[in-house]
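Have a look at the structure below, then the notes.
The values are calculated or read from the model by the stated rules, or taken from the named source; none is laboratory data. Computed from a predicted model, the values in this text were never measured in an experiment. Here the Cβ is made from the backbone with ideal geometry for all residues, glycine too, and neighbour counts use every protein chain on show.
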Amino acid sequence: MSDVVHYARRGRVAVISIDSPPVNALGQAVRQGLLDRLAQAEADAGVGAIVLTGTGKAFSAGADIREFGKPAQPPSLPDVINAFETSAKPVIAAINGVALGGGLELALGCHYRVAGAFASLGLPEVKLGLIPGAGGTVRLPRLVGAKAAIDIITAGEPLKAPAAESAGIIDRIAEGDVVAAALQLLEEGVTGRRTRDLAVEATPELFAEARAAIVKRSRSLVSPQACVDAIEGAARLPFMEALAKERGLFLSCLASPQRAGLIHAFFAPREAAKVPGIGPEVKPRPVAKAGVIGAGTMGGGIAMCFANADIPVTLLEMKAEALEKGLATIRANYEATRAKGRMTAEEVEARMALIRPSLDYADLADADLVIEAVFESMAVKHEVFGTLDRVCKPGAVLATNTSTLDIDQIAAATRRPQDVVGMHFFSPANVMKLLENVRGKATAPDVQATVMEVARRIGKVGVMVGVCYGFVGNRILHARNREAIALVNEGASPQQVDKVLTDFGFAMGPFATSDLAGLDVGWRIREERRKNKDPDVDAPNWLDALAEKGRFGQKTRAGIYRYEAGSRAPIPDAETDALIAAYRAAQGITPRPVDEEEILTRCMFMMVNEGARILDEGIAARASDIDVVWLNGYGFPAFRGGPMFWGEQYGLDKVLAGIDAFHARLGTRAWRAAPLLRRLVAEGRGF
Ligand code: 3H9
């Protein structure tokens with residue numbers, strides 16, 4: 001008999017419980033166990049009713065995602081759920097924790113549902129490029145109506161128990177023990193009531209409206225439309241036919257590359273959390289109090305991350321005026337959230353109270369972690385870290401938010417380089433998910449464990465990387481942007497390049513992104529590097545010419561594009577075209593038509609090639625870590641899985657052949673193939 005599904009008798013009630021840690025996923029053994037235990041309960045003449053529950057934190061997180069893409073093993077989940085629904089004995093789902101995907105579908109097949117107050121319930125399949133495939137699109141509309149079902153299923157966001165109760169998904173919230181509440185319901189004399197027997201409420205225009213809304217929201221994705229198709233099937237077809245239609249749509253989504261990309265995007269951050277060489281025996285240092293130096297946009301955003309996670313944080317500035325300005329910005333951000341109804345006035349005050357303003361380094365003496373977010377200059381960083389070394393308590397983690405400077409050089413300003421680490425947040429820090437943690441040569445293992453743990457606590461996706469110029473994210477960004485500029489130099493327009501990349505799925509193209517970030521930033525850095533006779537810096541080009549004219553991007557309403565007052569929509573501009581034309585003429589370039597295929601492959605191959613170098617140098621531990629950086633920090637389309645995953649799907653041999661061809665044609669240093677890529681292709685392996 002199954003050891004992942006247990007059977008116990010409570011008087012005349014059989015309690016079937018799923019016990020498959022960590023999340024009670026419904027893999028083959030669990031599915032078989034469920035059927036066996038149901039048969040046992042049905043055969044047991046002393047049993048009058050059945051309660052189905054989960055052991056541990058979860059009721060069930062749904063289908064075992066690791067089984068997708070492998071040959072299907074019977075029994076199928078829809079068959080298991082149908083068996084529970086058609087049982088002659090009343091079946092109550094006692095939802096003790098998360099009930100997601102197939103887990104919720106299983107509960108929907110039960111005759112009644114009781115949930116713990118902290119349970120969360122949802123059908124998140126759409127986030128994995130799927131639709132609910134075990135009756136969710138057919139049973140949920142019967143309980144909540146087609147409109148609400150479309151909203152819940154196409155958003156994929158879980159509902160807390162109270163919301164699930166008011167929507168009609170669950171019958172009751174348990175005050176205490178959820179199995180006891182299910183037994184209580186049975187004592188009240190409930191009998192079998194099947195979801196399949198209910199009708200679906202839907203208006204005729206609902207489905208067309210839903211499809212149109214989805215096109216606006218997520219035009220590149222296949223599965224949200226398939227969800228609507230399946231729910232429409234539920235409204236129009238008899239129950240069993242609707243189930244068959246759902247199954248067909250589920251299987252076609254399962255076979256899609258979008259599903260593969262999104263499931264990679266699901267597992268990759270969980271892998272990234274396991275830093276090679278930092279096993280579970282390395283305990284993170286406790287962080288009860290944090291400090292942030294610099295109350296600018298970055299520092300203020302970082303301080304908010306800590307306050308949001310209920311961790312008191314000291315925010316240090318050198319001048320009272322800058323401190324007040326920083327605090328006012330933080331308050332304004334919280335007030336904006338409150339205005340949207342997502343925070344109460346009390347919560348705003350509670351968060352503000354967690355941020356302790358200071359003008360004195362001595363106030364950082366008791367901080368467990370200090371993050372510096374001051375001006376990007378090695379001299380300034382040295383001064384800050386020298387001071388931190390004097391004032392901070394022994395064992396405090398000293399972190400820098402630098403995006404360009406060498407962590408090892410910064411650490412050299414202290415007598416405790418083992419405590420120094422990079423924590424590279426992305427702007428706006430309180431919003432962006434990525435936290436690129438950077439280990440220096442001397443960074444202690446428990447300091448690395450600490451910053452990964454802090455990432456988790458403040459709700460970020462943490463990735464550990466090594467030291468190099470730009471680390472993982474910006475290094476690939478620079479390589480990709482340099483190629484985008486080269487394409488324009490040769491004859492493409494900025495809007496053409498941007499369109500190819502937004503059609504690929506990026507939220508914004510490289511040039512629109514540069515306008516958002518500000519052209520002045522890169523221009524000043526390049527000017528500085530040119531002054532210092534840096535051999536790697538490019539000669540001045542049309543982007544420098546734009547910046548020289550004061551066209552800094554969105555903030556000056558003109559950059560590569562121009563912007564109408566109050567709008568962020570980029571409008572192509574003749575002045576930019578003229579500067580590009582002048583640059584081409586000065587360089588003796590005759591512009592040529594550049595097609596979409598060339599734009600896409602040159603940008604993408606460049607990313608894969610730079611990623612392969614990063615991997616070979618050990619800057620990233622795994623290809624999927626590079627994907628995590630780009631998925632969470634740079635708006636890479638999740639359904640494509642990240643640049644390295646995309647490269648593998650495209651075929652590394654084809655990527656290499658393309659790189660070699662570009663090298664033969666364009667001859668630049670950047671187009672030399674990464675040795676790792678060549679090795680892998682020769683060995684017929686992937687990353
Ligand atoms: C589906 O149900 C299809 C059906 O409609 C139709 C079928 C026919 N499978 O996230 P955590 C692993 S599609 C396999 O760190 P938390 C996870 O990788 C499914 N493994 O914990 C990790 O492993 P490791 C729809 C899974 O507490 C460990 O469990 N369901 C699954 O922060 C702990 O996970 C979903 O999309 C799974 N389903 O969050 C739910 N789920 O330790 C996906 C988790 O080796 N899951 N793992 O790194 C979640 O959203 C979160 O994991 C959950 C727990 C909220 C449950």
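Considering only the range 106-198, give the helices (runs of 4 or more DSSP H) lying wholly within it that have at least 3 residues that are out of contact with any Ser or Thr (no Cβ under 9 Å at 6 or more places or on another chain) and crowded, with 19+ Cβ neighbours inside 10 Å. Lay out the reasoning, then the answer.
Details: elements: 136-144, 146-155, 161-167, 178-187.
Result: 136-144, 178-187.
Only one residue in Phe639, Phe645, Phe662, Phe687 is in contact with a His (Cβ under 8 Å, 6 or more places away or on another chain) and either touching a residue at least 40 places away in the same chain (Cβ under 8 Å) or not in a helix (DSSP H, G or I) (or both), so which one is that? Walk me through it before giving the result.
Values: Phe639 fails: in contact with a His (Cβ under 8 Å, 6 or more places away or on another chain); Phe662 fails: in contact with a His (Cβ under 8 Å, 6 or more places away or on another chain); Phe687 fails: in contact with a His (Cβ under 8 Å, 6 or more places away or on another chain).
After ruling out the rest, the residue left standing is Phe645.
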(request) Please specify each residue of the range 199-224 satisfying the condition of being in contact with a helix residue (DSSP H, G or I) (Cβ under 8 Å, 6 or more places away or on another chain) and in a loop (DSSP other than H, G, I, E, B). (result) Ala199, Val200, Glu201, Ala202, Thr203, Ser218, Ser220, Leu221, Val222
(message) The conditions are (1) surrounded by 18 or more Cβ atoms within 10 Å (Cβ to Cβ); (2) within 30 Å of Leu516 (Cβ to Cβ), and Thr414 fails exactly one of them. Which is it?
(response) (2)
(message) Within the range 534-586, take every residue that is of a type in the set (S, T, N, Q) and out of contact with any Phe, Trp or Tyr (no Cβ under 8 Å at 6 or more places or on another chain) and give me the one that is surrounded by the most Cβ atoms within 10 Å (Cβ to Cβ).
(response) Thr556
(message) Return the residues of the range 171-208 that are in contact with a Gly (Cβ under 9 Å, 6 or more places away or on another chain) and of a type in the set (Ser, Thr, Tyr); say none if nothing qualifies.
(response) Thr195
(request) Give me a count of the residues in the range 556-615 that are closer than 22 Å to Gly491 by Cβ, among the acidic types (Asp, Glu) and either part of a helix (DSSP H, G or I) or touching a Lys or Arg at 6+ places or on another chain (Cβ under 8 Å) (or both). (result) 6
(request) Confirm whether Leu106 is more than 7 Å from the ligand (Cβ to nearest atom), more than 16 Å from Ala230 (Cβ to Cβ) and not small (Gly, Ala, Ser). (result) yes
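Here are some residues: Ser20, Ser60. Which one is among the polar types (S, T, N, Q) and without any contact (Cβ under 8 Å) to a residue 40 or more places away in the chain?
On the way: Ser60 fails: without any contact (Cβ under 8 Å) to a residue 40 or more places away in the chain.
None of the others qualify; the one that does is Ser20.
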(request) Determine whether the range 314-327 contains at least one residue that is within 18 Å of Val454 (Cα to Cα) and either of a type outside the set (A, V, I, L, M) or within 16 Å of the ligand (Cβ to nearest atom) (or both). (result) yes
(request) Scan the range 109-126 residue by residue and report those that are touching a Lys or Arg at 6+ places or on another chain (Cβ under 9 Å) and more than 8 Å from the ligand (Cβ to nearest atom). (result) Gly109, His111, Tyr112, Arg113, Val114, Ala115, Ala117, Phe118, Ala119, Leu121
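Mind checking which residues of the range 348-365 are farther than 26 Å from Ala396 by Cβ and in contact (Cβ under 8 Å) with a residue 12 or more places away in the chain?
First pass over the range 348-365, keeping only residues farther than 26 Å from Ala396 by Cβ: 348-349.
Residue satisfying the conditions is Val348 alone.
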(message) When you scan the range 43-64, do you find a residue that is in a helix (DSSP H, G or I) and either among the acidic types (Asp, Glu) or within 15 Å of the ligand (Cβ to nearest atom) (or both), even just one?
(response) no
(message) Among the numbered criteria (1) among the charged types (D, E, K, R); (2) surrounded by fewer than 18 Cβ atoms within 10 Å (Cβ to Cβ); (3) within 30 Å of Ile355 (Cα to Cα), which one does Glu281 miss?
(response) (3)
(message) Six or more apart or on different chains, Cβ atoms under 9 Å: show the pairs whose first residue is in the range 247-276 and under 19 Å from Ala230 (Cβ atoms) and whose second is within 10 Å of the ligand (Cβ to nearest atom) and modelled with pLDDT under 95.
(response) Leu254/Phe68; Arg259/Phe68
(request) Go through the range 65-101 and count every residue that is touching a strand residue (DSSP E or B) at 6+ places or on another chain (Cβ under 7 Å), part of a helix (DSSP H, G or I) and within 8 Å of the ligand (Cβ to nearest atom). (result) 0
(request) Residues being more than 22 Å from Thr668 (Cβ to Cβ), at pLDDT below 95 and in a helix (DSSP H, G or I): count how many of those fall in the range 524-547. (result) 4
(request) Quickly run through the range 418-466 and pick out the residues that are surrounded by 22 or more Cβ atoms within 10 Å (Cβ to Cβ) and of a type in the set (Ser, Thr, Tyr). (result) Thr443, Thr450
(message) For Ala99, only one of the following conditions fails: (1) at pLDDT below 95; (2) surrounded by 24 or more Cβ atoms within 10 Å (Cβ to Cβ). What is its number?
(response) (1)
